[in-house]
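Taking it in order: structure first as structure tokens, then the write-up.
The values are calculated or read from the model by the stated rules, or taken from the named source; none is laboratory data. Because the structure is predicted, anything quoted here is derived from the model rather than measured. Don't worry about glycine lacking a Cβ; one is built from the backbone with ideal geometry, like all the others, and counts go over all protein chains shown.
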Amino acid sequence: MKNIGTLKPVIRLTVILITLILAGACKRSIKDKVERETKFFKPIVKETIEKEVKEIVYPLPTSFEVTNMLNDIGIPYIIGISNPVENVDRYFTEKSKALNLGIYGADLSYASTYHMKQDVMLFLEASKKLTDDLEISAVYNEELVKEVEENINNKEELVDIITNSFYDVYEYLQKNDKANLSLVIVAGSWIEALYLTTHVSTSVYHNYNIVKIIHEQKSSLDNLINILQEYKDDKAISELLQDLDPIKKVYDSIDESLTRQQVEAIILAIESVRDKIVS
């Protein structure tokens, strides 16, 4: 499913998807009744999911990748830049819950990458509430929380646990015919990962390494949009495509490098989309 995805995951930082998760595609029969009953997703082993996620979405597992790059280039953790956990009670629709599950997934990756233990637990709690609300809490259960708590002082193990939980969420959604929902989560994670990257410094354009990370998201955005296009008949995904369009237009105008004006345009565009989601 090459055209369906090749976004590299938000890890190492949080979706997501999917047709990566869809890697199995629906089989249809001739009769309408049979068609409805036989539509299903081909089972995918975790190794396959990991491989495709790494080629596809820059959110979820991808968020880790982005925030790890920020860590590697010496950008400090910024307290308060993530979506406040108290916002979790604001989200009532399935779309807003799924998008912000992706947002908190990226925030969780961000906190884990920098080993911010208190924030890790807070974002995990917010994520668990949203998975409960979305009735996909099979992965974000008490066992996961306990595992995170027991390894809270071991950064490497902590990152592995959270990363694997992302894959488990993808796998769970795929097996339970919730592909569209997983796409929305992935989109939320991608948006937050880019938001974090563009807001970790007051002078983003003057930091070559940050600009390089921003530039690299051009291909991941193209891949994400290609994936979403497969499900544009879904209202939530259609709206997402519209929200992402201003960002895509800026990226479509760039080539080998980013001008200061283009960087500033991306910053404003991603901030606008992200504020709409978390508010």
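Structure above, values below:
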read-out: Residue within region 179-186 that is at pLDDT 75 or above and on the phi > 0 side of the Ramachandran plot present; value: no
read-out: Residue in region 69-87 that is under 17 Å from the mean Cα position of the chain (by Cα), closer than 24 Å to SER219 by Cβ, modelled with pLDDT under 90 and outside any loop (DSSP other than H, G, I, E, B) present; value: yes
read-out: Residue within region 150-166 that is farther than 23 Å from ILE81 by Cα, under 19 Å from the mean Cα position of the chain (by Cα), among the β-branched types (Val, Ile, Thr) and in a helix (DSSP H, G or I) present; value: yes
read-out: Residue within region 230-246 that is aromatic (Phe, Trp, Tyr), buried (at least 17 other Cβ atoms within 10 Å of the Cβ), under 30 Å from SER165 (Cα atoms) and touching a Phe, Trp or Tyr at 6+ places or on another chain (Cβ under 8 Å) present; value: no
read-out: Residue, farthest from LYS178 (Cα to Cα), within region 205-229, restricted to residues that are buried (at least 18 other Cβ atoms within 10 Å of the Cβ) and of a type in the set (S, T, N, Q); value: GLN217
read-out: Condition broken by ASP160, with the remaining ones in (1) under 24 Å from ILE79 (Cβ atoms); (2) modelled with pLDDT under 80; (3) surrounded by 15 or more Cβ atoms within 10 Å (Cβ to Cβ) satisfied; value: (1)
read-out: Residue within region 109-131 that is at pLDDT below 75 and either over 16 Å from the mean Cα position of the chain (by Cα) or surrounded by fewer than 23 Cβ atoms within 10 Å (Cβ to Cβ) (or both) present; value: no
read-out: Some residue of region 192-204 being closer than 17 Å to ILE267 by Cα, in contact with a Lys or Arg (Cβ under 6 Å, 6 or more places away or on another chain) and surrounded by 15 or more Cβ atoms within 10 Å (Cβ to Cβ); value: yes
